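**Q** Take a look at this one; I'll ask things after.
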Amino acid sequence: MSAVRKFRAPGRVNLIGEHTDYNGGFVFPAALDRATTVCAAQRPDRKVLVRSLQYPGTVEFDLDHIVRQGDWADYVRGVALQLELAGYRLQGANLEIDGDVPLGAGLSSSAALEVSTALALSSLAGHRIPRQELALLCQRAESEFVGLRCGIMDQYIACFAQEGKALVIDCRSLESRAVALPPQLCLMICNTMVRHELTGSEYNRRREDCEAAASYFGVPALRDIDLKNFERYSGGLEDRIRRRCRHVVTENARVLAAEKSLAAGDAQEFGRLMVESHASLRDDFEVSCPELDLMVELALECQGVYGARMTGGGFGGCTVNLVEAHQAAAIRERIAQQYRQRTAIQPEIYLCLPSAGCHEVLA
Ligand code: ADP
Ligand code: MG
């Protein structure tokens, strides 16, 4: 038996900058102190045996014959395939996956799984892959193999996150800047526990709307339109596309303003930008839902909450809240109780300390 090694990659929450990544724009995520771990042992052959403590059964596949099956293990197969296609020859492995990132809640359990698996498989085979390449390979696994078009944010933050900090990422240049979260503040994530059916189809439709707007302006991506140009030249767009475009343009500007305010320790201003972001996602981009709107509204009624907004793709999932750390417990109680009363749904609420990106866990 070869030694078992353990690898870890975190989930994430996006503080601001939603639906901007695939427009070449800016996002501002932090890694969660919730993660996926992969315990991995080398095999002498080219087989991968993988099980997840979150699902029953064991899955087996051959590295020389990787085929999509439509189950959770496609994330593992896709990562293995992309690594091999990039020239990183792998060895067979036994993998045991476990994690505490809620699945399908918009906190990116999928990227946590991809990145931890990619790090495990490549490390076992003796490869050291630059972090940026690792992120891009994992994104390709999700968009090309699993078949969900996604931006680069989730995989990037899972690779590059720093403890205690959030990361402003330029999704075009792939440069990033870390900004510390002041210690008196914390991030609170409220899970509505709903996920409306629309998610996949509407996501692709939003991407198409954004592409239509970019081609109207004659630019490669909406990242290239600023507010001034939007106001001057957007008159010829049909109303829906114009509103989609306005969200992206204003959201990119909000991320950069939010970076400044966080760096200056101005929680009030950061919170105001979060609230604006939510309104823009609700009214212009139309990706919120009644449960997310309610969760935001309830949070904003609480003392010690600076800002609240939906986070992730929308149509359910979670909100992110910037709160005063010493009031967090009371805020959490109050929001949970009110949400339960109004919807008959028991929400899950997580307090999050920004944590580090993927790494091998040394015993
Ligand atoms: P999110 O990334 O917001 O959690 P996704 O739909 O993108 O939601 O990814 C969730 C999917 O990723 C799950 O349905 C499952 O297929 C896969 N997945 C994530 N974490 C695990 C895990 N620990 N074990 C097995 N599959 C997982
Ligand atoms: Mg995902």
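**Q** Going by the conditions given, is residue 128 within 12 Å of ligand 2 (Cβ to nearest atom), surrounded by fewer than 20 Cβ atoms within 10 Å (Cβ to Cβ) and on the phi < 0 side of the Ramachandran plot?
**A** Numbers: within 12 Å of ligand 2 (Cβ to nearest atom): no; surrounded by fewer than 20 Cβ atoms within 10 Å (Cβ to Cβ): yes; on the phi < 0 side of the Ramachandran plot: yes.
Criteria not met by residue 128.
**Q** Give the residues of the range 85-107 that are away from ligand 2 (no atom under 16 Å from the Cβ), aliphatic (A, V, I, L, M) and either in contact with a Ser or Thr (Cβ under 8 Å, 6 or more places away or on another chain) or not assigned by TED's automatic domain parsing to the domain that holds residue 128 (or both), sorted by residue number.
**A** Looking only at the range 85-107, we keep the residues that are away from ligand 2 (no atom under 16 Å from the Cβ), and these are 85-96, 98.
Keeping just the survivors that are aliphatic (A, V, I, L, M) gives 85-86, 90, 93, 95.
Residues satisfying the conditions are 90, 95.
**Q** Going by what's in this entry, would residue 277 be described as closer than 19 Å to residue 317 by Cα, at pLDDT 95 or above, part of a helix (DSSP H, G or I) and hydroxyl-bearing (Ser, Thr, Tyr)?
**A** Working: closer than 19 Å to residue 317 by Cα: yes; at pLDDT 95 or above: yes; part of a helix (DSSP H, G or I): yes; hydroxyl-bearing (Ser, Thr, Tyr): yes.
Judged against the criteria, residue 277 is a match.
**Q** May I pose another question? Taking the range 198-220 as the region of interest, how many residues are in contact (Cβ under 8 Å) with a residue 60 or more places away in the chain and surrounded by fewer than 16 Cβ atoms within 10 Å (Cβ to Cβ)? Quick ask: steps written out before the conclusion?
**A** Just the residues of the range 198-220 that are in contact (Cβ under 8 Å) with a residue 60 or more places away in the chain, to begin with: 198-199, 202-203, 206-207, 210, 214, 220.
Okay, now just the ones that are also surrounded by fewer than 16 Cβ atoms within 10 Å (Cβ to Cβ), so 198, 220.
The qualifying residues number 2.
**Q** Identify, from the list 54, 69, the residue that is in a loop (DSSP other than H, G, I, E, B), more than 23 Å from residue 132 (Cα to Cα), within 16 Å of ligand 1 (Cβ to nearest atom) and touching a residue at least 24 places away in the same chain (Cβ under 8 Å). Give the derivation first.
**A** Numbers: 69 fails: touching a residue at least 24 places away in the same chain (Cβ under 8 Å).
The conditions single out 54.
**Q** Tell me, please, whether a residue that is among the hydrophobic types (A, V, I, L, M, F, W, C), assigned to a helix (DSSP H, G or I) and surrounded by 17 or more Cβ atoms within 10 Å (Cβ to Cβ) can be found in the range 332-351. Before the answer, list the steps.
**A** We begin by selecting, within the range 332-351, every residue among the hydrophobic types (A, V, I, L, M, F, W, C); these are 335-336, 344-345, 349, 351.
Of the ones still in play, those that are also assigned to a helix (DSSP H, G or I) are 335-336.
Within this subset, residues satisfying the condition of being surrounded by 17 or more Cβ atoms within 10 Å (Cβ to Cβ) are 335.
Scanning the range 332-351, I find at least one residue that is among the hydrophobic types (A, V, I, L, M, F, W, C), assigned to a helix (DSSP H, G or I) and surrounded by 17 or more Cβ atoms within 10 Å (Cβ to Cβ), so the answer is yes.
**Q** Right, here's the next one. Does residue 104 satisfy the criteria of being closer than 22 Å to residue 21 by Cβ, assigned to a loop (DSSP other than H, G, I, E, B) and more than 8 Å from ligand 1 (Cβ to nearest atom)?
**A** On the way: closer than 22 Å to residue 21 by Cβ: yes; assigned to a loop (DSSP other than H, G, I, E, B): yes; more than 8 Å from ligand 1 (Cβ to nearest atom): no.
No; evaluated as a whole, the condition is false for this residue.
**Q** Conditions: (1) within 16 Å of ligand 1 (Cβ to nearest atom); (2) crowded, with 20+ Cβ neighbours inside 10 Å; (3) at pLDDT 95 or above. Residue 169 meets all but one. Number of the miss?
**A** Every condition holds for residue 169 apart from (1).
**Q** Shifting gears a bit: Please name all residue pairs, on different chains or six or more residues apart, with Cβ atoms under 7 Å, provided the first residue is in the range 146-173 and is among the polar types (S, T, N, Q) and the second residue is within 16 Å of ligand 2 (Cβ to nearest atom).
**A** The qualifying pairs are 155/111; 155/114; 155/115; 155/135; 155/138; 155/139.
**Q** Now, a different point. Just the residues that are of a type in the set (A, V, I, L, M, F, W, C) and not in a helix (DSSP H, G or I), please, taken from the range 78-101. Spell out the reasoning first.
**A** If we filter the range 78-101 for residues that are of a type in the set (A, V, I, L, M, F, W, C), which is where we start, we get 79-81, 83, 85-86, 90, 93, 95, 97, 101.
Of everything in the range 78-101, those that are of a type in the set (A, V, I, L, M, F, W, C) and not in a helix (DSSP H, G or I) turn out to be 86, 90, 93, 95, 97, 101.
**Q** I need a count of the residues in the range 108-123 that are near ligand 2 (Cβ under 9 Å from one of its atoms) and among the hydroxyl-bearing types (Ser, Thr, Tyr).
**A** Adding up the residues that qualify gives 3.
The values are calculated or read from the model by the stated rules, or taken from the named source; none is laboratory data. All figures in this text were calculated on a predicted structure; none of them were measured in a lab. When we count neighbours, we look across all protein chains shown, and the Cβ atoms used for this are built from the backbone with ideal geometry, even at glycine.
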